[in-house]
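J.: Structure provided below as C-alpha cells; questions to follow.
The values are calculated or read from the model by the stated rules, or taken from the named source; none is laboratory data. Keep in mind the model is a prediction, meaning the values are calculated, not measured. Positions of Cβ are generated from backbone atoms using ideal geometry, with glycine treated the same way; all protein chains shown enter the neighbour counts. For the accessible areas, the whole protein counts, side chains as well, though only heavy atoms, and no ligand, DNA or RNA atoms are used. Shrake-Rupley method; radii C 1.70, N 1.55, O 1.52, S 1.80 Å.
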Amino acid sequence: MLVCCLLLWGQILNASLSHDLVPRAQAPAATPREPANLVAGECWEAFAPRPVNAPASSRTAEGGDTVLALASEGRRFVYGGWRCRVEGIDGGAHYRFQAEALPTGVASPRESLTVLLRWKGDFGGEVAPAYVPETAPGPAGGAVRFDRTVQAPRGTHAVDVELVLQWSATGRVSWRRVRLTPSAAPAPRTARVASAWFPRPRGAKSGREAAELVAAFAETVAARHAPDVVLLGEAINHAGAPGSLDDHAEPVPGPTTARLAEVARRHSTYVAFSLLERDGPDIFNTGVLIDRRGSLVGTYRKAQLPQEEVTVGEAPGDAFPVFETDFGKVGLMICHDTSFPEPARELSRGGAELILVPIAGGRTPLVRARAIENGVWLATSGYDYDSEIVDPQGTVLASVPHDTAPGAAVADIDFNRTFPEPWIGTWRDTVRKQRK
C-alpha cells in the first residue's frame, strides 16, 4: 500500500514539474490602438462656388470605406469637390490628415488635386487655410497619397476638410481612405549650419595652396562648432591665387575634393564649396557636396555666369540637382545664380529645404529674396558678401560681416518648423501649390 502511494505521489510530482517546465503561452502584446478617425463617412457634401464649373460628384461605399468621386466632364476650369465639417477641434493641437486619390486624365496632380483644411473659430482676424500637399505622387495611373501633420491655430473649434478637383478638362478622381486623427507634434528635424567667412587668400602662390588654406580654416570651424554642414566659399582653388582658369581647374574627384573629404571624415560633417572643375576641354564653376564619410554626394555646375566668367572661357551648367542628406534635402547655387529667380525656383520644385550658396559678391535683397519667395532656408559663404544664414522669411539668424576677421556664422535650424502668416498661410506650401 505504501509503495502504491509513493508511486502515485511520484507521478503527480513529475506531472507538476513537467507542467512548470513547459513555457507558458505569452499573452499577445497589446496592439496600439489607432486614434479615432474624426471624419465620418456620412458627413460629406458636394460643393462648388459656381455651378457652371462644378464637377460631377458621386459617393459609393467599398469595404467600409467611403469613396468620393469627382469628374470634370469637359469643364476646362472645373472647381469643386467634397466638404466635411469636423467639430471639436482643439486650438493649438496637432492633427494628422491622410488620404489617397486615384486620378485619371489629370496632367498635373499637384495643380489639379487639392486638399484644404479651413479652420473655423474665434481668431479675431483672418486665418489662412492649410494645404496638405501630395507626399507620394504615384506612377502614371497610380494613386497619389496625402499625409501631413498640421497644427490647428489657437482659437479653432472646427475645420472644414475639402477635397477638390480643379482646372482639368479631362480630369477624374476618386478620393478614398480619408482620415483626420489627433496626433503628437512632429519631432524637430534639426541641423547645425556653419557658413565660413574666409577672405580670398591673396598670399597663396597657387590654386592648390589657396584650397589648402581654406581647408585648414574649415578644420577650425568644424572642430569649434561641430556642425552638420560646413559651407565654404566660391572657387576655392582659384580665388586669390595667381594664374588662369587652366592653371587651377582640376577634375572632380580630384586633389581639392580629396582634401575636403578628409575634413568631412575627421569631423563627421558635410562640406560644401565651389571650385574650378576641368571636364575634358571644358571648365566649370562647380559646387561640390561631400558627406560625413568623405564621399562625394554630388556636384552642381553654375548656370548663371556673369560676363566676366563667360569672357574667360567658363562653360555654364544646365541642371539643378537636389541632394539627399541625413538631415534634409539640399541644393547648391553659386553667386550670380542668386540674381535670377529660376535657379532657386527649380531647387525648390525639386524639394530642396536648404540652399547653400558659395558667393563672391551679390545684392543682399535679392539673395534673401530667394529664401523668401520659395519658403526655404538659405546660407551664404562670401568674399565681398557677408556669410550668413537666413530663415524662410528672410530673417538673418547668424552673420559674419565680410569686412571683419575670419569667422563662421552658425545656426541650428529646424526643417519641421513652420512659418504661418495671416492670409497667405505657410508660404512654402502656398507657393508649391499655387505656382503655375
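J.: Among all residue pairs at least 6 apart or on different chains, which show Cβ distances below 7 Å where the first residue, located in the stretch 33-54, is touching a residue at least 40 places away in the same chain (Cβ under 8 Å) and farther than 26 Å from Ser168 by Cβ and the second is surrounded by 16 or more Cβ atoms within 10 Å (Cβ to Cβ) and among the aliphatic types (A, V, I, L, M)?
T.: Here the result reads Asn37/Leu180; Leu38/Val86; Leu38/Leu180, each pair linking the stretch 33-54 to a residue that is surrounded by 16 or more Cβ atoms within 10 Å (Cβ to Cβ) and among the aliphatic types (A, V, I, L, M).
J.: Okay, moving on. Return the residues of the stretch 154-201 that are touching a Lys or Arg at 6+ places or on another chain (Cβ under 6 Å) and small (Gly, Ala, Ser); say none if nothing qualifies.
T.: Scanning the stretch 154-201 gives Ala158, Ala169, Ser183.
J.: Oh, and also: Take the residues in the stretch 300-327 that are touching a Leu at 6+ places or on another chain (Cβ under 7 Å) and without any contact (Cβ under 8 Å) to a residue 40 or more places away in the chain; name whichever of them is surrounded by the fewest Cβ atoms within 10 Å (Cβ to Cβ).
T.: Out of the qualifying residues, it is Pro316.
J.: Now a separate question. Might you check whether a residue that is more than 20 Å from Gly382 (Cβ to Cβ), in contact with a His (Cβ under 9 Å, 6 or more places away or on another chain) and in contact (Cβ under 8 Å) with a residue 60 or more places away in the chain occurs anywhere in the stretch 245-267?
T.: yes
J.: Right, something else. I'm checking my understanding of the structure. Among residues of the stretch 217-233 that are assigned to a helix (DSSP H, G or I) and not aliphatic (A, V, I, L, M), which one is surrounded by the most Cβ atoms within 10 Å (Cβ to Cβ)?
T.: Phe217
J.: Would you mind finding the one in Ala371, Ala344 that is part of a helix (DSSP H, G or I), open to solvent by less than 20 Å² (accessible area, probe 1.4 Å) and closer than 21 Å to Ala130 by Cα?
T.: Details: Ala344 fails: closer than 21 Å to Ala130 by Cα.
Exactly one of Ala371, Ala344 is part of a helix (DSSP H, G or I), open to solvent by less than 20 Å² (accessible area, probe 1.4 Å) and closer than 21 Å to Ala130 by Cα, namely Ala371.
J.: Let me ask something additional. If we keep just the residues of the stretch 100-118 that are of a type in the set (Gly, Ala, Ser) and in a loop (DSSP other than H, G, I, E, B), which is nearest to Val67 (Cα to Cα)? Write out each step before concluding.
T.: Within the stretch 100-118, the subset of a type in the set (Gly, Ala, Ser) is 101, 105, 107-108, 112.
With the extra rule that they be in a loop (DSSP other than H, G, I, E, B), the set shrinks to 105, 107-108.
Details: Gly105: 18, Ala107: 22, Ser108: 21 Å.
Applying the filter and picking the extreme gives Gly105.
J.: Restricting attention to the stretch 56-79, and to residues there that are assigned to a loop (DSSP other than H, G, I, E, B) and open to solvent by less than 60 Å² (accessible area, probe 1.4 Å), which single residue is nearest to Trp119 (Cα to Cα)?
T.: Only one residue tops the list, namely Val78.
J.: Another question, then. Which pairs have Cβ atoms under 9 Å, sit 6 or more apart or on different chains, and link a residue in the stretch 274-289 that is closer than 15 Å to Met333 by Cα and open to solvent by 10 Å² or more (accessible area, probe 1.4 Å) to one that is of a type in the set (S, T, N, Q) and assigned to a strand (DSSP E or B)?
T.: From residues that are closer than 15 Å to Met333 by Cα and open to solvent by 10 Å² or more (accessible area, probe 1.4 Å), the pairs are Phe284/Thr299.
J.: Sticking with this structure for a sec: How many of the residues in the stretch 411-436 are among the β-branched types (Val, Ile, Thr), open to solvent by less than 40 Å² (accessible area, probe 1.4 Å) and not in a strand (DSSP E or B)?
T.: 2
J.: Next question, about the same structure. How many of the residues making up the stretch 377-410 are touching a strand residue (DSSP E or B) at 6+ places or on another chain (Cβ under 8 Å), open to solvent by less than 50 Å² (accessible area, probe 1.4 Å) and touching a residue at least 24 places away in the same chain (Cβ under 8 Å)?
T.: Residues in the stretch 377-410 being touching a strand residue (DSSP E or B) at 6+ places or on another chain (Cβ under 8 Å), open to solvent by less than 50 Å² (accessible area, probe 1.4 Å) and touching a residue at least 24 places away in the same chain (Cβ under 8 Å): 20 in total.
J.: Here is a further query. Quick check on Arg345: is it under 22 Å from the mean Cα position of the chain (by Cα), basic (Lys, Arg) and at pLDDT 95 or above?
T.: It is true that Arg345 is under 22 Å from the mean Cα position of the chain (by Cα), basic (Lys, Arg) and at pLDDT 95 or above.
J.: Failed condition for Gly361, given (1) of a type outside the set (D, E, K, R); (2) crowded, with 21+ Cβ neighbours inside 10 Å; (3) closer than 24 Å to Val410 by Cα, with all others met?
T.: Unmet condition: (2).
J.: Anything in the stretch 234-258 that is assigned to a helix (DSSP H, G or I) and open to solvent by less than 30 Å² (accessible area, probe 1.4 Å)? List them, or say none.
T.: Leu245, His248, Thr256, Thr257
J.: Kindly evaluate Val330 against the criterion of being open to solvent by less than 10 Å² (accessible area, probe 1.4 Å) and free of Cβ contacts under 8 Å to residues at least 24 places away in the same chain.
T.: Taking the combined requirement at face value, the residue does not satisfy it.
J.: For the stretch 152-195, what are the residues that are assigned to a strand (DSSP E or B), over 30 Å from Leu232 (Cβ atoms) and open to solvent by 40 Å² or more (accessible area, probe 1.4 Å)?
T.: Hits for the stretch 152-195 are His157, Arg172, Arg176, Arg177, Arg179, Pro182, Ser183.
J.: Can you name every residue in the stretch 80-135 that is of a type in the set (Phe, Trp, Tyr), open to solvent by 20 Å² or more (accessible area, probe 1.4 Å) and out of contact with any Pro (no Cβ under 9 Å at 6 or more places or on another chain)?
T.: Selection gives Tyr131 alone.
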